[in-house]
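What follows is a single structure, written as structure tokens, with notes after it.
Laboratory data are not the source of any read-out in this text; all were calculated from the coordinates shown. Keep in mind that this is a model prediction, so the values were computed, not measured. Cβ placement follows ideal geometry from the backbone for every residue including glycine, while neighbour counts extend to all protein chains displayed.
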Amino acid sequence: KFWDDEFNHDNKYLRARIRNNLRPALEFAIGENTYQALAKSAQILQSDQDFIIGYVQNELQDLARSAKFELPLEISISRLGKIHDAVRLRVFRELLYFLGAPSGKINYDHLQRCNSLVIDYHGQKKIDLPGLISLSRQGEKLIFDRTVRKV
């Protein structure tokens, strides 16, 4: 039997605002079955995410065979350049967390700056990243190292 929770009607709760305001507005603007279409899209995106995560894990395992995952860590530019952007950004993210970046502190800008050293290099200087990690390009290698903060 369906249960009508009194909090479902109280707009001080986010879930109630979504149910009472956002859902009807979406269906008015986009059409009926908007919620079902969003749910199907979410399932497709989850499947895509699962595939990409598996691919990232394979790339990390391949990288681990050629280098120890400790600082300083050197990775070939040509090796990283062969990886699709969607995967390479996640590889950077996972590497940074593994090397000591605090949980939740790596953002899109950090990843784009790392990526630019591979796909758009024009002499950029060392990048300081969360967790006292630095990344620089030296010739055809990326070097992850420990940042020394000046006092």
Percentage relative contact order, region 36-113, counting C-alpha pairs under 8 Å, at least six apart:
29
Show the residues, 5+ positions off or on another chain, whose built amide H is closer than 5 Å to the amide H of Ser134.
Leu129, Asp145, Arg146, Thr147
Please state the Cα pair-distance histogram of region 85-151 with 5 angstrom bins from zero: what percent is in each bin?
4, 17, 31, 26, 16, 5, 1, 0
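Summing -39500 (n - 2.57) over the DSSP H runs of n ≥ 4 in the chain and dividing by its residue number, what mean residue ellipticity at 222 nm do you reach, to the nearest 500 deg cm²/dmol?
On the way: 6 runs with 76 residues, N = 151.
After summing the helix terms and dividing by residue count, I get -16000 deg cm²/dmol.
Given N residues in region 80-122, what is its alpha carbon radius of gyration divided by 2.2 N^0.38 Å? Could you put the intermediate results ahead of the total?
On the way: Rg = 10.3 Å, N = 43, 2.2 N^0.38 = 9.2 Å.
Compactness ratio reported: 1.12.
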Take each complete run of DSSP H in the chain, measure how far its Cα atoms stretch along the helix's own axis, and keep only those covering 15 Å or more with mean Kyte-Doolittle hydropathy at least -0.5; list them.
34-66, 85-98, 108-119
Going toward the positive end of the dipole of the chain, with +1 on Lys and Arg Cβ and -1 on Asp and Glu Cβ, which of Leu73, Ile44, Val56 do you reach last?
Leu73
By a straight-distance test (C-alpha under 20 Å), which aspartates and glutamates pair with Lys12 as possible cross-link partners, with residues fewer than eight away in the same chain excluded?
Asp4
Any idea what the relative contact order of the chain is, in percent, if you count C-alpha pairs under 8 Å spaced at least 6 apart?
18
Which one of Gly100, Gly81, Gly139 has the biggest mean-square fluctuation once the chain is modelled by GNM with Cα springs under 10 Å?
Gly139
Computed over the Cα atoms of region 1-66, the Rg and Dmax in Å are 19.6, 59
For region 33-124, take every pair of Cα atoms, bin their distances at 5 Å starting from 0, and report each bin as a whole percent.
3, 11, 20, 22, 19, 10, 7, 5, 3, 1, 0
